[in-house]
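See structure below.
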Amino acid sequence: MKVIVFVTPKKNVLDPQGAAVGHALTSLGFKNLKDVRIGKTIEIEVDGETGPDFSASMDKFCHELLSNPVIEDYRWELAE
Amino acid sequence: MKVAVIQFPGSNCDQDVYHSFARGIGVPTEMIWHKDEQLGEVDLVVIPGGFSYGDYLRCGAIARFSPIMKAVGEYADRGGLILGICNGFQILCEAGLLPGALIRNNCLEYRCMTPHLLIQDSTDTFNRNKIGQIIRLPIGHGEGNYRIDDEGLDRLERNEQILLRYCDEQGNLTEEANPNGSVNNIAGIRNERGNIFGMMPHPDRAFERFHPSMDGLPVMKAVLATKETVTVPI
């Protein structure tokens, strides 16, 4: 089992990297571009139970380490 | 009076901080390895600049889990004085000891320069005799863009927690004088209680005659002279 965590800059937080990549995409011919946000994905391989306790732990890990709640949002999902 | 400098893997201003306090000011200073669990009897803990843990995940995100940080947290709770410089500021924010966060510079460049800084009105605990003074301190960072939500920013301003702001030669807080896009030109802050300081500029690189300025000395002395005054949040 694999957990995939997606971390993205919060909507109201400036994303300088996203803005720069947005400019590059525009110069490459991306016509209807509105906004670019750059985040990261974190893949974690796990063994065993992924029940409710696991969910609560994952939220804690995401909140306290994998994302910084001041500037980032996260979501995670299980994948085979 | 004793100063402790915390060394993490990837700290690279630890020696600068050591020399600035030990030689520049002349106070007993010791290094503490991040795996130690005790601070001992100290009067100021300095978390130096650098790239702790290679800036992996986010700047300062991993360092806050080092064994010594538990002792640093307890020391902070007791009102102990802490100064975080550059990566040290990032670590203090990640550890929740200071509000806000530092993200990529808005120019996307690593900024290495000696900007002008306006000493702000954080009068209770920091440099109270030199309000409005303009100094110059070196910066060297790619992630110094200070961010905080509107409510948090409002609290910082109301409680006079801002220590330093980027300014031009005349002390104007212009966009051009802001090297990284920080909100309200913020270069350094303190916590509400007034015992924890964080700043992106390096006082530790501004105390010798061959440095770009010697303005680091009064800043470090101001931190050392701080008497804890518990600020009542407005």
When restricted to B:152, B:140, the only residue in contact (Cβ under 8 Å) with a residue 40 or more places away in the chain and touching a Pro at 6+ places or on another chain (Cβ under 8 Å) is B:152
Original post:
Is there a residue in the stretch A:59-73 that is over 14 Å from residue B:57 (Cα atoms), without any contact (Cβ under 8 Å) to a residue 60 or more places away in the chain and assigned to a helix (DSSP H, G or I)?
Top reply: yes
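Quick grid of which residues meet (1) assigned to a loop (DSSP other than H, G, I, E, B); (2) within 14 Å of chain A (Cβ to nearest Cβ); (3) hydrophobic (A, V, I, L, M, F, W, C):
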| site | (1), (2), (3) |
| --- | --- |
| B:57 | yes, yes, yes |
| B:69 | no, yes, yes |
| B:74 | no, no, no |
| B:83 | no, no, yes |
| B:91 | no, yes, yes |
| B:112 | no, no, yes |
| B:118 | no, no, yes |
| B:140 | no, no, no |
| B:151 | no, yes, no |
Flagged pairs (Cβ under 9 angstrom, 6 or more apart or on separate chains; first in the stretch A:2-29, more than 8 Å from chain B (Cβ to nearest Cβ); second loosely packed, with under 13 Cβ neighbours inside 10 Å and small (Gly, Ala, Ser)) are A:2/A:79; A:3/A:79; A:4/A:79
**Q.** Any hit, the stretch B:178-195, residues being within 24 Å of residue B:110 (Cα to Cα), in contact with a His (Cβ under 8 Å, 6 or more places away or on another chain) and either among the hydrophobic types (A, V, I, L, M, F, W, C) or free of Cβ contacts under 8 Å to residues at least 24 places away in the same chain (or both)
**A.** no
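Just name the residue that is farthest from the other protein chains (Cβ to nearest Cβ) out of those in the stretch A:32-58 that are assigned to a helix (DSSP H, G or I) and of a type in the set (A, V, I, L, M). So that I can check it myself, show each step before the final result.
Our first condition is that a residue be assigned to a helix (DSSP H, G or I); within the stretch A:32-58, this holds for A:52-58.
Restricting the remaining residues to those that are of a type in the set (A, V, I, L, M) gives A:56, A:58.
Numbers: A:56: 20, A:58: 16 Å.
The residue in question is A:56.
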Selection over the stretch B:139-169 where residues are closer than 23 Å to residue B:218 by Cα and touching a Cys at 6+ places or on another chain (Cβ under 8 Å) yields a count of 4
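Read-outs throughout are calculated quantities, based only on the coordinates presented, and are distinct from any laboratory measurement. Everything quoted here is computed from the prediction, not taken from an experiment. Neighbour counts are summed over all protein chains in view; Cβ atoms, including those assigned to glycine, are modelled from backbone coordinates with ideal geometry.
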